[in-house]
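Enquirer: Below you will find the structure I want to go over with you.
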Amino acid sequence: MFPRNAWYVAAWAREVAREPLARKILGEDVVLFRRTDGKPAALEDQCCHRQLPLSLGKIEGDGLRCGYHGYRFDASGECVEIPGQTTIPPNAGVRSFPVVERWHWVWIWPGDPALADPSKIPDLWWADHPDWQFTAPDMVPLACDSRLIIDNVLDATHLTYVHASSIGSGGLTEVQPTVDTGDNHVRVSRWVLNKPPPPMYAKAGNFEGNADRWAAVEFRAPCAAVNFAGCVDVGHGGPDGDIAASKRRVELVAISLPTPSTDTSCYYFFGFSRAFAHDDPEVERLFSEVMVDVFREDFVILEAQQKRINERPAPRKVSTVNDRASFLARGMIERMAGAEQ
């Protein structure tokens, strides 16, 4: 279902330490930890002797010791010690996974290690740039197919109904989106001009009356989506507007990185970057608390969808023009997975 020769987020960098961390990535049981030099490592979370999860063992030096019979594995997965004997069978070892720490996350490559090219990690520079303030909420495990999250972020019209009290506004449903595609990305965008801004944006930017608003999202196959959103004074928005000249401006980026765990569960990593009010504690609270609450509104929808899909796997489906971007995104994921077969 999902391509394996791709980079997925396994953990926030702050989660990976000198204690084993267990995750299930695309159905693979993985244990993450840090070596003595601070670099992350990832191994198959199953001892080759009696199959105990290595995440129940202990980190020693640059490797892990199984908590059952003491087999010790280095960061490459090779068994380097078996208590009670000096010889080690040639097949004694576990699989290791390529991992890279970048943009505050630890990325893992579940597929062919020979194809693991770090340059293919999505460029999420907003998460690590001095001109942008980054807010990094904890990962949320969700009982839903990760593709439902991609559907959700690519169709902004749900903001009007799911997030009416925070970031939603009726203007989004009145504007047809512009959809652009490339080899491995889909971008959908809207401008809403001279309309009341969403309540949260009005508060963050001290807007009174109407504003010009933009809402865009770019999906990068197979697992990254970046939402671009903001408001400026009326007359400064639109494709040819000068947002930099606006007296008031709210400009933010929301990064969504859903990693499939199983076919019906995932890990949802997300974060927010803003190009305004870096040192304002009240604005930081809006993103670290209020914006997270906004996402929780989506969690209810996503898990309820999955529950009904599990119960009725072949329902009647109706599609509209606003579904085009998600269809294109799902098609990219399917083609990547199919090419590996």
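The values are calculated or read from the model by the stated rules, or taken from the named source; none is laboratory data. All figures in this text were calculated on a predicted structure; none of them were measured in a lab. Neighbour counts are summed over all protein chains in view; Cβ atoms, including those assigned to glycine, are modelled from backbone coordinates with ideal geometry.
Enquirer: Might you let me know whether region 210-228 holds any residue that is under 28 Å from the mean Cα position of the chain (by Cα), part of a loop (DSSP other than H, G, I, E, B) and not aliphatic (A, V, I, L, M)?
Expert: Checking region 210-228: at least one residue is under 28 Å from the mean Cα position of the chain (by Cα), part of a loop (DSSP other than H, G, I, E, B) and not aliphatic (A, V, I, L, M).
Enquirer: List pairs: first in region 126-139 and acidic (Asp, Glu), second part of a loop (DSSP other than H, G, I, E, B), Cβ under 6 Å, 6+ apart or cross-chain?
Expert: Asp128/Trp103
Enquirer: Further question: Taking only pairs six or more apart or across chains, which ones have beta-carbon atoms under 6 Å, a first residue in region 167-184 that is closer than 20 Å to Ala329 by Cβ and assigned to a helix (DSSP H, G or I), and a second residue that is at pLDDT below 65 and not aliphatic (A, V, I, L, M)?
Expert: Cβ pairs passing all conditions: Leu172/Thr160.
Enquirer: Let me ask something else. Looking for something touching a Gly at 6+ places or on another chain (Cβ under 9 Å) and crowded, with 16+ Cβ neighbours inside 10 Å - is there at least one such residue anywhere in region 295-308?
Expert: no
Enquirer: Restricting the search to region 249-264, which residues are more than 8 Å from the chain's Cα centre (by Cα) and assigned to a strand (DSSP E or B)?
Expert: Arg249, Val250, Glu251, Leu252, Val253, Ala254, Pro260, Ser261, Thr262, listed by residue number.
Enquirer: Also, quick follow-up: Considering Ala339, Ala329, Ala304, which residue is in contact with a strand residue (DSSP E or B) (Cβ under 9 Å, 6 or more places away or on another chain) and among the small types (Gly, Ala, Ser)?
Expert: Every option except Ala329 fails the conditions.
Enquirer: When you check Thr320 against the structure, is it assigned by TED's automatic domain parsing to the domain that holds Val217, more than 20 Å from Leu124 (Cβ to Cβ), at pLDDT 95 or above and of a type outside the set (Phe, Trp, Tyr), yes or no?
Expert: no
Enquirer: Considering only region 55-77, state which residues are in a loop (DSSP other than H, G, I, E, B) and on the phi < 0 side of the Ramachandran plot.
Expert: Gly57, Asp62, Cys66, Gly67, Tyr68, His69, Tyr71, Asp74, Ala75, Ser76
Enquirer: Hey, can you tell me all the residues within region 89-106 that are modelled with pLDDT of 95 or more, assigned to a loop (DSSP other than H, G, I, E, B) and more than 30 Å from Val253 (Cβ to Cβ)?
Expert: Val94, Arg95 - these are the residues of region 89-106 that are modelled with pLDDT of 95 or more, assigned to a loop (DSSP other than H, G, I, E, B) and more than 30 Å from Val253 (Cβ to Cβ).
Every residue, every condition in (1) out of contact with any Phe, Trp or Tyr (no Cβ under 9 Å at 6 or more places or on another chain); (2) farther than 30 Å from Asp112 by Cβ; (3) among the charged types (D, E, K, R), yes or no:
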site: Arg274; (1), (2), (3): no, yes, yes
site: Ala277; (1), (2), (3): yes, yes, no
site: Arg296; (1), (2), (3): yes, yes, yes
site: Ile309; (1), (2), (3): yes, yes, no
site: Arg316; (1), (2), (3): yes, yes, yes
site: Gly331; (1), (2), (3): yes, no, no
site: Arg335; (1), (2), (3): yes, no, yes
site: Gln341; (1), (2), (3): yes, no, no
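Enquirer: If you scan region 35-76, which residues turn out to be surrounded by 17 or more Cβ atoms within 10 Å (Cβ to Cβ) and more than 14 Å from Pro20 (Cα to Cα)?
Expert: Result: Cys48, Tyr71.
Enquirer: Considering only residues of region 207-255 that are under 30 Å from Tyr268 (Cα atoms) and among the small types (Gly, Ala, Ser), which is surrounded by the most Cβ atoms within 10 Å (Cβ to Cβ)?
Expert: Gly230
Enquirer: Of the residues that make up region 294-308, is at least one touching a Ser or Thr at 6+ places or on another chain (Cβ under 8 Å), modelled with pLDDT of 90 or more and within 17 Å of Leu148 (Cα to Cα)?
Expert: Yes, because at least one residue in region 294-308 is touching a Ser or Thr at 6+ places or on another chain (Cβ under 8 Å), modelled with pLDDT of 90 or more and within 17 Å of Leu148 (Cα to Cα).
Enquirer: Right, next: Count, please, the residues in region 110-136 that happen to be surrounded by fewer than 19 Cβ atoms within 10 Å (Cβ to Cβ) and touching a helix residue (DSSP H, G or I) at 6+ places or on another chain (Cβ under 6 Å).
Expert: 2
Enquirer: Count, please, the residues in region 2-21 that happen to be more than 18 Å from the chain's Cα centre (by Cα) and either surrounded by fewer than 19 Cβ atoms within 10 Å (Cβ to Cβ) or aliphatic (A, V, I, L, M) (or both).
Expert: Residues meeting the conditions: 4.
Enquirer: Then there's this: Return a yes/no flag: does region 312-326 have any residue that is touching a Cys at 6+ places or on another chain (Cβ under 9 Å) and without any contact (Cβ under 8 Å) to a residue 60 or more places away in the chain.
Expert: There is no residue in region 312-326 that is touching a Cys at 6+ places or on another chain (Cβ under 9 Å) and without any contact (Cβ under 8 Å) to a residue 60 or more places away in the chain.
Enquirer: Looking at region 316-341 only, could you name the residues that are part of a helix (DSSP H, G or I) and aliphatic (A, V, I, L, M)?
Expert: Once the filter is applied, which keeps residues that are part of a helix (DSSP H, G or I) and aliphatic (A, V, I, L, M), region 316-341 yields Val321, Ala325, Leu328, Ala329, Met332, Ile333, Met336, Ala337, Ala339.
Enquirer: Can I ask one more? Could you tell me which of the residues Tyr267, Tyr201 is under 13 Å from the mean Cα position of the chain (by Cα) and not polar (S, T, N, Q)?
Expert: Tyr267
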